[in-house]
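The values are calculated or read from the model by the stated rules, or taken from the named source; none is laboratory data. Keep in mind it's a predicted model, so treat the numbers as computed, not measured. FYI the Cβ positions are ideal-geometry reconstructions off the backbone, even for glycines, and counts take in every protein chain you see. Surface accessibility is based on the protein's heavy atoms, side chains included, excluding ligands, DNA and RNA. Shrake-Rupley method; radii C 1.70, N 1.55, O 1.52, S 1.80 Å.
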Amino acid sequence: MKAVLCTNAQLRVAEVSAPTPKAGQVLIDVLRCGICGSDLHARVHCDQMADLAAESGYDGFMRPHQDVVLGHEFCGEIVEYGPGCRKRWPVGTRVVAMPIIRQNSSIHLTGLSAAAPGGYSEQVVVQEAVMMAVPNGLSAEKAALTEPMAVAWHAVRRGEVGKRQTAIVIGCGPIGLAVISMLKASGVRTVVASDFSPSRRRLAAQCGADVVVDPATQSPWTSYTQRNEFVRVPDLLDLGIGTMERLQKVPKLPWWHVFRLADAVGAMPSGPIVFECVGLPGVIDQILASAPLLSRVVVVGVCMEVDRIRPAMAINKEIDLRFVLGYDPGEFHHVLHMIADGKVDPSPLITGTVGLAGVENAFAALGNPEEHAKILIDPKSQAVTP
């Protein structure tokens with residue numbers, strides 16, 4: 001079969017042996033495969049990523065000298081079951097799968113390991129246990145975005161955003177756009193999107209952002225109606241003194257119960273939930289310095305360089321800092337059905353399609369934020385430009 005191999009940061013189309021499904025595995029024909037920002041990073045920074053993964057306990061991440069088939073955002077059709085499968089769906093059924101597979105008793109990341117070739121190919125092997133049928137006649141284009149949308153859904157869930165709270169998305173690349181879509185799908189009323197790129201700001205509005213900001217001319221922190229938010233520590237302390245003075249004017253009032261009640265109903269001061277979707281050095285520290293007190297910062301962007309933050313700044317403002325990765329099977333399944341049921345529409349993210357021969361051009365195009373957000377690969381297409 002044909003596949004796109006990545007070796008020493010070079011991409012090339014090659015004839016490779018068609019994969020054979022082992023026990024518990026399924027062979028599928030690839031209908032569409034998304035190009036992820038992780039693929040762009042892995043092409044040129046895979047040694048760094050592999051070293052970090054090894055420190056975290058996974059030693060199977062791709063290395064530059066290896067021939068690797070990238071691609072972990074895919075939709076396909078069942079071709080063949082391996083031994084010991086349950087065979088829940090007939091051959092020809094359209095499916096998606098989480099990009100993890102068991103090879104020789106080890107777990108590998110599909111499309112990011114030489115041991116688990118990915119979806120930049122005509123066929124790919126998936127693990128039956130994490131394969132799911134595509135419902136409601138959902139198109140292959142939209143189904144292929146289940147994986148990145150699941151990443152966004154996991155981030156939103158970890159952010160614990162209330163519908164009346166303000167969410168601020170810093171960076172409107174593909175993952176930022178997916179976060180915006182998922183925030184609106186979960187019912188958050190005020191979503192602020194910030195990006196320097198006019199094209200990405202337009203896509204953010206299409207994804208449902210209520211306020212879209214060019215940070216070169218407007219601060220995202222002052223672009224919305226603030227409720228119970230404070231930028232300066234003295235203002236918050238002054239509120240505490242003023243509140244106590246008013247409460248103590250009421251005879252025999254158990255003021256401590258009033259505080260507990262206010263906390264229970266969400267009336268206490270709080271900051272916005274901020275999603276960092278840029279992944280460049282310095283951005284986290286900028287957010288810590290600029291965000292209101294008591295904000296919650298969810299780091300979704302993957303910074304591959306050593307970064308620097310000032311913990312004392314976060315401490316002084318009592319900012320909650322969370323880091324997120326991936327999703328669980330329940331979230332993946334839920335997102336697939338959210339897309340199929342029309343509760344969230346990933347279409348604005350899709351800005352182009354290429355065949356296998358166009359993957360290198362697609363990588364180049366994705367380097368310009370004004371051109372594209374998400375490019376899909378159609379292995380049967382002859383298109384060489386997105």
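Worth a mention:
- Where only DSSP H runs of four or more residues are counted, the chain gives -9000 deg cm²/dmol as its mean residue ellipticity at 222 nm, each run worth -39500 (n - 2.57).
- Taking every DSSP bridge with both residues inside the range 100-207, close to 50 percent are antiparallel.
- Prolate/oblate/rounded label for the range 81-127 (Cα gyration tensor, a/c 1.5): oblate
- Taken over the Cα atoms of the range 3-44, the convex hull encloses 113 Å³ per residue.
- Cβ crowding within 10 Å averaged over residues, with 193-206, 211-224 ranked highest first: 193-206, 211-224
- Under a model in which nothing but the beta-carbon of Lys, Arg (+1) and Asp, Glu (-1) is charged, the chain shows a dipole of about 1160 debye around its Cα centre.
- The range 284-386: mean projected area of Cα convex hull, nm²: 9.7 nm²
- Using the Cβ-Cβ distance between R189 and A289 with R0 set to 22 Å, the FRET efficiency from 1/(1 + (r/R0)^6) comes to roughly 0.25.
- Annotation: the antiparallel percentage among DSSP beta bridges lying fully within the chain is about 60.
- For the chain: rounded, prolate or oblate by the Cα gyration tensor [a/c cutoff 1.5]: prolate
- Accessible surface for the chain, divided over its residues, is 46 Å² per residue with a 1.4 Å probe.
- Lysine pair count for the chain (Cα-Cα distance under 15 Å; residues 8 or more apart in sequence or on different chains): 6.
- Of the chymotrypsin sites (Phe, Trp or Tyr not before Pro) found in the range 1-87, not one falls in a DSSP loop while having at most 13 other beta-carbon atoms within 10 Å.
- Among residues other than K2 with Cβ under 15 Å from its Cβ, the summed charge is -4 (Lys and Arg +1, Asp and Glu -1).
- Look at the dipole of the range 8-122 built from charges on Cβ: of L40, L11, G71, the Cα furthest out on the positive end belongs to G71.
- Its relative contact order, with pairs defined as Cα atoms under 8 Å and 6+ residues apart, puts the chain at 17 percent.
- Against the main long axis of the alpha-carbon atoms of the chain, helix 233-247 sits at an angle near 50°.
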